[in-house]
1. Show the residue pairs meeting these rules: Cβ distance below 7 Å; 6+ apart or different chains; first residue within region 97-121 and more than 17 Å from residue 35 (Cβ to Cβ); second residue modelled with pLDDT of 75 or more and not in a helix (DSSP H, G or I).
2. Could you look through region 5-57, keep only residues that are outside any helix (DSSP H, G or I), within 11 Å of the chain's Cα centre (by Cα) and farther than 14 Å from residue 76 by Cβ, and pick out the one that is modelled with the lowest pLDDT?
3. Of (1) at pLDDT below 70; (2) more than 21 Å from residue 89 (Cβ to Cβ); (3) surrounded by 13 or more Cβ atoms within 10 Å (Cβ to Cβ); (4) in contact with a helix residue (DSSP H, G or I) (Cβ under 8 Å, 6 or more places away or on another chain), residue 60 satisfies all except one. Which?
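The values are calculated or read from the model by the stated rules, or taken from the named source; none is laboratory data. What you see is a predicted model; the values in this text were computed from it and never measured. A quick note on method: Cβ atoms are made from the backbone with ideal geometry, for glycine too, and the neighbour counts reach across all protein chains shown.
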């Protein structure tokens with residue numbers, strides 16, 4: 001589907017495709033809210049999707065290692081981009097006044113997480 005959309009707008013350049021991938025990946029939608037609450041195995045699943053994208057775009061063999069593809073693209077792994085967003089969000093919310101809805105929601109979410117650790121992805 002992603003390739004079809006790129007072909008429709010005739011974006012053949014690698015930089016454009018990478019920018020669109022990073023912008024369109026639904027996996028990172030709202031990562032600021034949930035990104036610090038998922039397991040490492042869930043991050044592995046997200047990374048697999050990125051690996052498939054990179055292999056297709058770089059047209060390399062399936063045996064090509066992820067670090068090699070990362071070096072070729074000179075872009076950060078998707079997990080790092082996500083964690084940057086999470087860190088910025090948490091920092092911004094922590095600096096908010098206590099009456100702000102975002103801070104109240106984050107505090108409630110943290111309390112729920114502590115009481116339901118076994119139910120987290």
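1. That search, which allows pairs on different chains as well, returns 103/96.
2. Here is the first cut: in region 5-57, the ones outside any helix (DSSP H, G or I) are 9-13, 25, 29-30, 38-39.
Checking the rest, the ones that are also within 11 Å of the chain's Cα centre (by Cα) come to 25, 29-30.
Add one more test, that the residue is farther than 14 Å from residue 76 by Cβ, and what stays is 29-30.
On the way: 29: 79, 30: 83.
My answer is 29.
3. (1)
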